[in-house]
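Note sheet for the following structure.
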Ligand SMILES: Cc1cc2nc3c(=O)[nH]c(=O)nc-3n(C[C@H](O)[C@H](O)[C@H](O)COP(=O)(O)O)c2cc1C
């Protein structure tokens, strides 16, 4: 199938079908300790932080989703414009299509509506070898990106009929790009999560940040099933988001994503150890992306006020109680959940 049709089908499925995991990302197992005496005013709460050398008004990122077919341009422009107005970072979808067909580059170009925010370029790990550093650097320059997200998507490739099934040598390629690209590299999952061992390997390869994209949000296996291209066998495969953040955040800078559905989930990501929270599905589905982004910031502020945290640094140290299946899984993985409650 032509890559452009596939991209359009993915967006349509995400917007209109039940494409989410049955298993949970784990946020319902995480709760803040409520403060009945916050001793601060709402207007004092400060969400500001920096990312990729630029200022953000809140630690929130619109995850990379699309580009590469005519309808994608409108989506990217509208999301990037809203992100610029709200001071959030913005990710592009896989840019492979513009490497194959240069005339599709315009569907990724959002800098004119988003002059000041960090823009993250995107390419699949399997494609690094095929295109090489020079071509990918030129691709990033064309869209004026601040960083490259290299997406790791073995689950999607395995369940996609036309998927690339060659996964050997990828870590070495990532290391080569770290050394030669000249832009920060984010290693990003696409919904099945990153384990502690993989985080350690990526750190060793020189990656600066990982985007967890854990299980519990959009399920690519389910998307392929709904497109009639796969059996549902692996629709719940992956490591839930909360588990991934707790497992990886002591190792490397983490973006918490995968099933993050509101500002409260975002606050939990940060308190669990992520530096930023990101989401895809809620923003592509939003009738009014700008209003949705504003709401997330308000919810993040509310969570901070109610847990007595005036700024993001304080939120990173907020006490959390972790229970249920997430606590059980973390215990089995040797991760001490009581440290979140006792700090
Ligand atoms: C329509 C759609 C297209 C996506 N395309 C890409 C992509 O091209 N590259 C990528 O790294 N991730 C892609 N993703 C994955 C998201 O960036 C994100 O990691 C994942 O959907 C989990 O977040 P969510 O549960 O908030 O949707 C896509 C997600 C959606 C919904």
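The values are calculated or read from the model by the stated rules, or taken from the named source; none is laboratory data. Predicted model only: the values in this text are computed from it and were never measured. All Cβ positions, glycine included, derive from the backbone under ideal geometry; neighbour counts span all protein chains shown.
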Residue match in region 97-108 (condition: within 15 Å of the ligand (Cβ to nearest atom), part of a loop (DSSP other than H, G, I, E, B) and buried (at least 23 other Cβ atoms within 10 Å of the Cβ)): no
Listing of helices (runs of 4 or more DSSP H) fully contained in region 199-272 that carry 1 or more residues being at pLDDT below 95 and under 22 Å from residue 285 (Cα atoms): 220-226
Region 164-174, residues that are farther than 21 Å from residue 185 by Cα and either under 18 Å from the mean Cα position of the chain (by Cα) or in contact (Cβ under 8 Å) with a residue 24 or more places away in the chain (or both): 164, 166
Subset tally (residues that are away from the ligand (no atom under 14 Å from the Cβ) and more than 15 Å from residue 97 (Cα to Cα)) for region 138-159: 5
The lone exception for residue 260 - which of (1) within 23 Å of residue 314 (Cβ to Cβ); (2) more than 13 Å from the ligand (Cβ to nearest atom) it fails: (2)
Qualifying positions in region 199-212 - surrounded by 20 or more Cβ atoms within 10 Å (Cβ to Cβ) and either within 17 Å of residue 11 (Cβ to Cβ) or more than 10 Å from the ligand (Cβ to nearest atom) (or both): 199, 202, 207, 209, 210
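Conditions (1) surrounded by fewer than 20 Cβ atoms within 10 Å (Cβ to Cβ); (2) at pLDDT below 95; (3) within 16 Å of the chain's Cα centre (by Cα), marked per residue:
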{"residue": "139", "(1), (2), (3)": "no, no, no"}
{"residue": "147", "(1), (2), (3)": "no, no, yes"}
{"residue": "159", "(1), (2), (3)": "no, yes, no"}
{"residue": "162", "(1), (2), (3)": "yes, yes, no"}
{"residue": "182", "(1), (2), (3)": "yes, no, no"}
{"residue": "190", "(1), (2), (3)": "no, no, yes"}
